[in-house]
Amino acid sequence: MTGGNDAWKRISAVLCREFELEPGEITKEARLGEDLGLDSLDGVDMVVALEKEFGVKVGNNEDFREVRTCGDLLALVEQRLAGNAEGGGK
């Protein structure tokens, strides 16, 4: 699937737009809290923005607790997109 690169670009764009981050700050290894300075309230805003961007439910509290880096975020979004393409996933 080639959607990963597109999803990554879209996630990066959302993070830049919503949190006034520089594109160079957003790497797959960047930690959302420690490196990008996002807190739990920012996490809520991020989920809402990503759900609007991708048109899928990004995660619930259980799923999102595991997200620490931008790479984790990408994996979660890709998982949701794949589940949506398969008719809702798990």
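Picking from residues in region 49-71 that are surrounded by 13 or more Cβ atoms within 10 Å (Cβ to Cβ) and without any contact (Cβ under 8 Å) to a residue 24 or more places away in the chain, the one that is nearest to Phe19 (Cα to Cα) is Glu51. On the stretch given as region 32-43, residues that are part of a helix (DSSP H, G or I) and under 11 Å from the mean Cα position of the chain (by Cα) total 1.
For region 22-45, taking the residues that are hydrophobic (A, V, I, L, M, F, W, C) and surrounded by 16 or more Cβ atoms within 10 Å (Cβ to Cβ), the one that is nearest to Ser12 (Cα to Cα) is identified as Ile26. Residues in region 15-49 that are among the aliphatic types (A, V, I, L, M) and in contact with a Leu (Cβ under 8 Å, 6 or more places away or on another chain): Leu15, Leu21, Ile26, Ala30, Leu32, Leu36, Leu38, Met46.
Can you say whether Ala49 is closer than 18 Å to Asn5 by Cα, assigned to a helix (DSSP H, G or I), under 11 Å from the mean Cα position of the chain (by Cα) and hydrophobic (A, V, I, L, M, F, W, C), as far as the supplied structure shows? No. Taken together, the criteria exclude Asp6 from residues that are over 12 Å from Gly71 (Cα atoms) and assigned to a loop (DSSP other than H, G, I, E, B). For region 1-29, the tally of residues that are modelled with pLDDT of 95 or more, more than 14 Å from Ala75 (Cα to Cα) and either in contact with a Ser or Thr (Cβ under 8 Å, 6 or more places away or on another chain) or hydrophobic (A, V, I, L, M, F, W, C) (or both) stands at 7. Every condition in (1) of a type outside the set (A, V, I, L, M, F, W, C); (2) in contact (Cβ under 8 Å) with a residue 24 or more places away in the chain; (3) touching a helix residue (DSSP H, G or I) at 6+ places or on another chain (Cβ under 7 Å) holds for Arg31 except the one numbered (3). Scoring Lys57 on the criteria (1) part of a helix (DSSP H, G or I); (2) at pLDDT below 95 leaves a single failure, condition (1).
The values are calculated or read from the model by the stated rules, or taken from the named source; none is laboratory data. Predicted, not measured: the structure shown is a model, and the values here were computed from it. Glycine gets a Cβ as well: all are built from the backbone with ideal geometry, and neighbour counts include every protein chain shown.
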